[in-house]
Each structure stands twice: as C-alpha cells, then as structure tokens.
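Inspection log for the structure reproduced underneath, given as structure tokens.
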There are 2 protein chains.
Amino acid sequence: MKATSNKPGCDSLEQEVFLNLWKTYDRLKAIEDEVLGKVGLSAQQYNALRCLRWAAPAAIATLDLGRQLVSRAPDITRMLDRLELRGLLKRERLPSNRRVVEVKITPAGETLLDDIHAGVLECHVRQLGHLDQKSLKQLAKLLKAARLPHESSQT
Amino acid sequence: MKATSNKPGCDSLEQEVFLNLWKTYDRLKAIEDEVLGKVGLSAQQYNALRCLRWAAPAAIATLDLGRQLVSRAPDITRMLDRLELRGLLKRERLPSNRRVVEVKITPAGETLLDDIHAGVLECHVRQLGHLDQKSLKQLAKLLKAARLPHESSQT
DNA sequence: ATATTATAGATGTTGCGACAAGTGTCGTCA
DNA sequence: TGACGACACTTGTCGCAACATCTATAATAT
C-alpha cells in the first residue's frame, strides 16, 4: 500500500506497467492485423501456420501445436478446422494411436506464408523499427523476465 | 534483410520483440482475467468503469469514453449496454445535443469497483511484483517508446 | 428556408473464442 | 478379458467483438 507518486489513475507502479503493456500490445497488434487481414488470417492462425512450417516435413499432434502457440488456444480444434477448410493444412489420425491427430502444412499453406512473408517483416519494422538495437534487446529481456514466473516451460 | 543471429523461428529482432510482447501480455492478462472473471467483468469493461469513476461526478460522452480506453473499442455501444443492464452505469441523452449520450457510473458500479479493488491490486503484484522498481520503470519507458509513433495523442 | 454534409450512436450480421460436456481410443490392472 | 480411468480431441452452446449499415440530430451551405 505505498503511495509513491503513481501516474494519475494508476494505483501502483505494477498496474501502470501492465496498462502500458496492454496498450502497446494493442497498438502494435493492430498493425499486424492489418497486414494479416489482407489474406484473411488472424495473428494466432498465422502463428500456427508458422509453427507447422518450422516443423515440416514432420507433422505435429494437435495439442502439441497448441502448446507451441504464443497465445493459449483452448479452441484449437476449430481454428484448425478453418485452416483445413481453406486447404492450408491437413490432418490425419495416427494409425498407431488413433486418439492423436497429426497436423501438417500443405503446399498451399506454404505458398500463403511465402506470399505474406515480406509484408509481415516490413510490418514488424513499422511496429518497432524506430527503436535502436539496444532498446529492442532490453525490451525483449524485460518482457521475458516479466513472464518468467508465469510459464511452466521457459523460452 | 540482415541475418544477424536471431532466435530460432524469428526472422528479425523486431519480430522477436513483438512475439515477446504478445506472449507476455497473454500470460499476464490471464492472471487479471481470473480476478475480474470472479465478478463477471472483462478487462475492457473494468477499464471502462474505472474511467467513469475517475471522471465522476461528471459524465462522459460515449465516444469520448471509447477514446480513453486502453484498447480500441469499435463496439462500445454494446459493451455499455451490458454494463447498463447490470446497473453498473447509466446513460442519458443530452437535451442540448440529442446526438450525444452521456455515461455515468452508478453507486452499484462504484461498489463493485470497491469490492474488487484490493484483489486487482494484489493481482498486479502477482503479475509483476518479482521485478524491481528500476526494471519496472524501464519497462514502462520502453513500452511507451515502442508505441509512441502509433498513437495520435501521446500519454 | 431548404438541401447537404457531418456527427453520435444504434442495429444487423457474422465469425471467432471460451467453457463445458461428449465421443472414441488406449493403457492398465484385477 | 473386461472394467475403469486417462487421454486426445470434438461438438454444443453462448457471449463477445468486429465490420458494415442505418437512424436521428446538428451544423453548414445555397
């Protein structure tokens, strides 16, 4: 219950940092959404396709993929449904263990990623290109430190 | 197109920072959602109620409130509908300009904020309390710098 | 004075995300 | 070998958010 000069409307330094985190994420996300929106992908969907591409030519079990995503995905089944419907990935039940469904990116999915790759890179520069390398590295470091106690498997 | 030792799966330092921002926001948001979920509020709704409370006893026009929120709110009408339905705020059309609807928090809304105030503060400490003051301040500074070019009115 | 444009917000529709409950499959142990 | 629990999704349902469109009101131009 310290009352040390916080920003107006903020009750603590921690709260101020969280609100800044939220706001900055929101603004930067809007820029990425604009780019991905052109091809009808959400950030989460793009993220999933990227995970699949890294893994290719191997396939990934559905729940493993969910664990690799940046954001938690309790409804990953339906997200994969939509991507499969568009032919960007394919799913197959493992014969050896029919409970598991393995997911793999298709050539069409890879093509889509190729198509927007340059745009996404350019978008990240628009988002954060105004910060120098040192600031970027420090920001990444602090962000990792901030979430460190809150994840089971540290990145 | 620099190829300077980026994290595996990242194409640029800027991308790595953005993914860290996303992931950290996601983890920390989950903690806040848990607290606010107990009283059936979303972070955005809580944020709106707080804005209204700062402004009280004055009322705020709907769109002005939208501009004050941390996250953009294109569908603010319906968010206010839900809060009004719960009796947490009230709306009134200005007689002087019948286009404008002014929003004000109700005593019930203030009571609800009071009820969860301690829990929210404690939640922010759980989120970020493991960082020292210096790190917190630097993180806030870097986050502000990151979004600076992306907002019309700087905070 | 009337027509035009801008403003403020309400509404229709759509689709995604979250939680809960259900289904099929596998391992295990009596 | 047959019952039970664990696992890996899948499906039902609901609420919220985003986009476009529509209505009412006000300001401005003609």
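What follows draws every value from the coordinates through simple rules; no lab data is involved. Since this is a predicted model, take the numbers as computed values, not measurements. Backbone-built Cβ (ideal geometry, glycine too); neighbour counts: all protein chains shown.
For a quick check: sort B:K137, A:K134 by the number of other beta carbons within 10 angstrom, fewest at the front.
Ascending number of Cβ neighbours within 10 Å: A:K134, B:K137.
Does anyone have the angle between helix B:43-55 and the longest principal axis of chain B? Alpha-carbon axes, 0 to 90°, nearest 10?
Relative to chain B, helix B:43-55 is tipped by roughly 60 degrees.
For the protein assembly as shown, give the magnitude of the charge dipole about the Cα centre (Cβ charges: +1 Lys/Arg, -1 Asp/Glu; no others), in debye to the nearest 20.
80
When the Cα centres of segment B:36-59 and segment B:122-147 are compared, how far apart do they sit, in Å?
Centre-to-centre distance over Cα atoms comes out at 22 Å.
Measuring nothing but label to label, 7 Å from Cα along Cα→Cβ, what are B:D115's distances to the other copies in nm, shortest first?
So the label point of B:D115 gives 5.0 nm to the other copies.
Starting from the Cα of B:K134, step 7 Å along the direction of its Cβ; do the same at B:E84; then give the gap between the two resulting points in nm.
If labels sit at B:K134 and B:E84, their model points lie 5.1 nm apart.
Need one number: nm distance between label points at B:R99 and A:C10, each 7 Å from Cα along Cα→Cβ, rounded to one decimal.
The modelled label-to-label distance comes out at 3.5 nm.
Using Cα-only point scatterers and the Debye equation, what is log10 of I(q)/I(0) for chain A at each q in 0.12, 0.14, 0.17 Å⁻¹, rounded to two decimals?
Debye curve over Cα of chain A, log10 I(q)/I(0) at q = 0.12, 0.14, 0.17 Å⁻¹: -0.67, -0.86, -1.13.
What is the spin-label model distance, in nm, from B:A108 to B:K144 if the labels are put 7 Å beyond Cα along the C-beta direction?
It is 3.8 nm.
Taking 0.36 nm per residue of sequence separation and subtracting the Cα-Cα distance, how much length would be gained by fully extending the chain between A:L121 and A:T62, in nm to one decimal?
Contour length minus the Cα-Cα distance gives 18.5 nm.
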